[in-house]
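Worksheet: the structure to be examined is printed underneath.
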Ligand SMILES: C[S@@+](CC[C@H](N)C(=O)[O-])C[C@H]1O[C@@H](n2cnc3c(N)ncnc32)[C@H](O)[C@@H]1O
């Protein structure tokens, strides 16, 4: 099966996530294979490959579905993806079930999911902390007892501060296409992105109140959180 637009279930009409410049920069920043390779390493580092393959996994804010590909490679057979953007979901060609929807208000059944994954999604929520509270409540609702959450989101570590500094140097942007792509993406999502980064400590606190942290650390510009439903 593949997911042409007709096979995607719409909870809502949906909206394109980004303008053309952002999307072009996103495609320049990383190829799909580079993105899959990054996700493969992360999922292994966080022990996802050791979980039983029959569990239900929901990849939220799944975009074009590179992480869904990796979950498939790891042998998970019961996988769903949710994203606001039908045009990004259309790019996924695997067997996972896809839903166009808002992760603050999902139509998945209560206690139907064993593992929720969000990578690079929460920081796109426009209103913080309110939207994060809504989204985490929804995640809590759909998670089965003892269910797990895994979040990977930006964090303002020294590494990211250096990257931001480099984004401001024209010569470096000319020399490194990836840096230029990143600078363009950040430029388009500046307000939400920096709001997220500057409030991350309190946002982490909200996640830890909702889920028992098994891992909660920052490293090289990322916040890694693995938690269990309380
Ligand atoms: C930077 S992309 C990350 C995609 C994917 N997780 C990855 O790492 O490749 C952020 C995604 O969040 C989606 N998004 C933003 N707000 C959303 C919401 N409220 N509900 C569902 N998806 C949302 C966008 O459409 C976009 O695909």
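Just so it is clear, none of the values below were taken in a lab; they were calculated from the coordinates. Predicted model only: the values in this text are computed from it and were never measured. With ideal geometry, Cβ positions are generated from the backbone for all residues, glycine too; neighbour counts draw on all protein chains shown.
What order, most packed first, do the peptides 29-39, 220-230 have when packing is the mean number of other Cβ atoms within 10 Å of each residue?
220-230, 29-39
Give, as ranges by residue number, the residues of region 169-208 whose backbone N falls under 20 Å from the point 7 Å along Cα→Cβ of residue 104.
189-208, by backbone N distance to the label point.
How far is helix 20-29 tilted off the main Cα axis of the chain, in degrees rounded to 10, range 0 to 90?
Relative to the chain, helix 20-29 is tipped by roughly 90 degrees.
Given R₀ = 41 Å, FRET efficiency for residue 16-residue 146 by Cβ-Cβ distance, to 0.05?
0.65
For Cα pairs less than 8 Å apart in space and 6+ apart in sequence, what is the mean separation divided by the residue count of region 1-120, i.e. the relative contact order in percent?
Across region 1-120, relative contact order equals 38 percent.
So in region 47-194, what percent of DSSP beta bridges are antiparallel if you round to the nearest 5?
5
Stretch residue 201-residue 162 to full length: gain in nm at 0.36 nm per residue minus the Cα-Cα span? Show your work: numbers first, answer last.
On the way: separation 39, 0.36 × 39 = 14.04 nm, distance 1.98 nm.
Extra length from residue 201 to residue 162 when fully extended: 12.1 nm.
Relative to the first principal axis of the alpha-carbon coordinates of the chain, what is the inclination of helix 32-45, with its axis defined by its Cα atoms, in degrees from 0 to 90 and to the nearest 10?
Helix 32-45 and the main axis of the chain meet at about 60 degrees.
Test of understanding: extend the Cα→C-beta vector of residue 193 to 7 Å, then name every residue of region 8-27 with backbone N under 20 Å from that spot.
16-27
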